[in-house]
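Novice: Please see the structure below; I have some questions.
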Amino acid sequence: MTLNAMTQSQKPTISYHVANTESDRIVVYQLRYKVFTEEFNDHRYALPKIKEYKDKFDHENALIIYAKTRTNVIGTLRGIFRHNGGFYDEEHGLLELANLLQQPLEWIIENTIFFTRGAIHPEYRGANIFHHLNRKLENHAIEKNMKVIIVTVAPNNTKLINWYKHHDYIQYGFGHNSKNGWNGVNLYKLL
């Protein structure tokens, strides 16, 4: 039964946390594996033997927010700060964004956080969990004095693109990764 089909008394309490420990991060990586690898057949960063989905940006400076019921992690979203070993200009159009915002590239690099690796357990989709994860991560970005959030969304995920636009994100171009041929729609939001 999905969360939306449950009555109010059946719905579990959902809490939101920062993944501060390695054990917190492992359950997040396992949820990503379930969503990205098992559901969407994305094996780029899959670690099948331990059923984790982890990439090089999952270092100690990455900010990972997760949602959980009393017993299970049901959603996650990660923030990466460029000045802490973050993202690539080619994929996320940082130079294009600097020109658009009329700021030096160095300012963009120092003041931008990239939201990535959002995953919601299938049974909990449509229940505003992603909205709450995004809001929590935005609040952490503000606390860290970030000025810009960027996201890159697969071009065929129009539902998510429209969700971001509805929440004040502005499309500014298309990202591309020449190493794996990945393309995406870039959006930003000023804080």
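Novice: Any residue at all in the range 17-37 that is at pLDDT 90 or above, in a loop (DSSP other than H, G, I, E, B) and not aliphatic (A, V, I, L, M)?
Specialist: Yes, some residue in the range 17-37 is at pLDDT 90 or above, in a loop (DSSP other than H, G, I, E, B) and not aliphatic (A, V, I, L, M).
Novice: OK, next. In the range 26-59, which residues are in contact with a Phe, Trp or Tyr (Cβ under 9 Å, 6 or more places away or on another chain) and among the charged types (D, E, K, R)?
Specialist: Arg32, Lys34, Asp42, Arg44, Lys51, Glu52, Lys54, Asp55, Lys56, Asp58
Novice: Inspect all residues belonging to the range 86-97 and state whether any of them is at pLDDT 95 or above and of a type outside the set (Val, Ile, Thr).
Specialist: Within the range 86-97, not a single residue is at pLDDT 95 or above and of a type outside the set (Val, Ile, Thr).
Novice: Shifting gears a bit: When only residues in the range 157-182 that are surrounded by 14 or more Cβ atoms within 10 Å (Cβ to Cβ) and closer than 17 Å to Asp42 by Cβ count, which is modelled with the highest pLDDT?
Specialist: Leu160
Novice: For a quick check of your reading: which helices (runs of 4 or more DSSP H) sit entirely within the range 100-191 and have at least 1 residues that are of a type in the set (S, T, N, Q) and in contact with a Lys or Arg (Cβ under 7 Å, 6 or more places away or on another chain)?
Specialist: 105-111
Novice: Something else about it: Check off (1) modelled with pLDDT of 95 or more; (2) touching a His at 6+ places or on another chain (Cβ under 7 Å) for His131 and give me the number that stays unchecked.
Specialist: Only one criterion in (1) modelled with pLDDT of 95 or more; (2) touching a His at 6+ places or on another chain (Cβ under 7 Å) is unmet by His131, namely (2).
Novice: Kindly indicate which of Ile142, Ile129 is of a type in the set (A, V, I, L, M, F, W, C) and surrounded by 19 or more Cβ atoms within 10 Å (Cβ to Cβ).
Specialist: Unique residue meeting the criteria: Ile129.
Novice: Can you tell me which residue in the range 38-76 is surrounded by the most Cβ atoms within 10 Å (Cβ to Cβ), limited to those that are among the β-branched types (Val, Ile, Thr) and assigned to a strand (DSSP E or B)?
Specialist: For the range 38-76, the residue satisfying everything is Thr76.
Novice: Search the range 141-156 for residues that are under 17 Å from Phe40 (Cα atoms) and pair each with any residue that is surrounded by fewer than 18 Cβ atoms within 10 Å (Cβ to Cβ) when their beta-carbon atoms are under 7 Å apart and the residues are at least 6 apart or on different chains.
Specialist: Partner pairs satisfying both residue conditions: Val153/Leu160; Pro155/Asn183.
The values are calculated or read from the model by the stated rules, or taken from the named source; none is laboratory data. These numbers come from a predicted model, not from an experiment. Using ideal geometry, Cβ is built from the backbone for each residue, glycine included, and neighbour counts are taken over all protein chains shown.
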